[in-house]
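Here is the structure we will look at.
The values are calculated or read from the model by the stated rules, or taken from the named source; none is laboratory data. Just so it is clear, the structure is predicted and the values come from calculations on it, not from any experiment. Backbone-built Cβ (ideal geometry, glycine too); neighbour counts: all protein chains shown. Quick note on the areas: whole protein, heavy atoms, side chains included, nothing else; ligands and nucleic acids left out. Shrake-Rupley method; radii C 1.70, N 1.55, O 1.52, S 1.80 Å.
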Amino acid sequence: MSKANIQWFPGHMHKAHKQIKEVLPQVDIIIEVVDARIPYSSENPLIGAIREKTPCIKVLNKADLADPAITEKWIEYLEQDQDIKAISITTSKPEQVHQITKLCEQMLPHRLGQDKQIRAMIMGIPNVGKSTIINILADRIIAKTGNEPAVTKNQQRIRLPSGIMLSDTPGFLWPKIENANSGYRLAVTGAIKDTAIEYEDIAYYAAEYLIEHYLPRLQQRYEFEDVPQSDHELMELIAKRRGALRAGGHFDIYKVSTILLNELRSGALGPLSIETPEMAAVEKVEVAELMALQAENKVEKKKSRRRKYNKRK
Ligand SMILES: Nc1nc2c(ncn2[C@@H]2O[C@H](COP(=O)(O)OP(=O)(O)OP(=O)(O)O)[C@@H](O)[C@H]2O)c(=O)[nH]1
């Protein structure tokens, strides 16, 4: 399976990044919404870099689709940062969404009282559920929701019934996903469009992960007892069960990919998490090393250009 870098940075995302930098000095707290199934891959590394000491609530949304035991581990891991409080929610339970307001008030007691106001900014990559959360907090429909990434395009400010002034930002991803695994996980959950990576590759990535972490679920769902020795073998087993076999022993890869990804995304395989804090910790180190190497190469290239230039002179 090829692991390509994904370039996916629509124009309005550049704009959002600029807007956020501009408004951040007027913000008391950041509400960063991530997908509870992939809290590391669905965060935006730029937010970490821009926010500095601004307090942050990490909202692990779509907790109904995630593995509760792993979500707990994530909360513990994220709260190692003193400026961060983490909470897991499902928007079908509005009382959980309203916990965000309570957390804001607990974290910023000095912004409560007459003539005072908490100024919060909600952000997150496309399709994590920002608009749904805003509509619940505002108690009316203000933001358009939908299961297609990048529905929210313009920034707006809303005064919530709780008194909090909430700025909304368009969903944005980082310019380049340095960690190929994150790209695949985003694609598995549907956070990036299926056209960004080869569709079958996404399914194979999911298959490999599911065999390692959720084999009993697969066996139950697709009614087999064997232990697949590879992602391909799992796909073949699913093909047999779901009538996707072709003449000559081949199977319809696209059809099986669709079955697996649809069932995973819809929660039919049960709540599952696609990454753990341990995986994130390892990958963060790898990304940092890669970035350092890239920076070193850049300096080397610059030096070599200068040497050539000086020689010519
Ligand atoms: N299963 C599940 N789905 C959710 C949850 N919250 C939101 N969704 C769904 O996720 C999809 C995206 O929700 P939105 O609220 O439009 O996401 P957004 O972050 O505003 O998206 P952009 O406008 O692209 O930035 C919709 O289909 C929602 O119904 C949740 O807690 N659980």
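Points worth noting:
- P(r) tail fraction, the stretch 194-272 - alpha-carbon pairs more than 18 Å apart, %: 34
- Gained length - H213 relative to V282, 0.36 nm times residue gap less alpha-carbon distance: 23.1 nm
- Packing here is the average count of other Cβ atoms within 10 Å per residue, and on that basis the peptides 301-307, 200-206, highest first, run 200-206, 301-307.
- FRET efficiency, 1/(1 + (r/R0)^6) with R0 41 Å, evaluated for E289 and K102 via beta carbons: 0.55
- ³J(HN,Hα), Karplus 6.51/-1.76/1.60, whole Hz, each residue of the stretch 79-84, x for Gly, Pro: 7, 5, 7, 4, 8, 10
- Solvent-accessible area per residue, Å², over the stretch 234-306 with all protein chains present [probe radius 1.4 Å]: 59
- For the chain, share of DSSP beta bridges that run antiparallel, in % to the nearest 5: 25
- The stretch between N310 and D201, if pulled fully straight at 0.36 nm per residue, gains 34.5 nm over its current Cα-Cα span.
- Estimated vicinal HN-Hα couplings, Hz - the stretch 52-61 in sequence order (Karplus 6.51, -1.76, 1.60; Gly, Pro = x): 6, 9, 4, x, 9, 9, 8, 9, 8, 8
- Ranked by how many other beta carbons lie within 10 Å on average, peptides 224-237, 179-192, 271-284 from highest: 179-192, 271-284, 224-237
- Span from the the stretch 258-313 Cα centroid across to the the stretch 58-128 one, whole angstrom: 27
- Using Cβ point charges alone (K and R +1, D and E -1), the dipole size of the chain about the Cα centre works out to roughly 2240 debye.
- q = 0.16 Å⁻¹, the chain: log10 I(q)/I(0) [Debye, one scatterer per Cα]: -1.32
- Under the criterion of Cα pairs below 8 Å and six or more residues apart, the relative contact order for the chain equals 21 percent.
- The stretch between D252 and Q117 holds 42.9 nm of extra length on full extension. This uses 0.36 nm per residue minus the Cα-Cα distance.
- Based on DSSP H segments of at least four residues, each scored -39500 (n - 2.57), the chain has a per-residue ellipticity at 222 nm of -15000 deg cm²/dmol.
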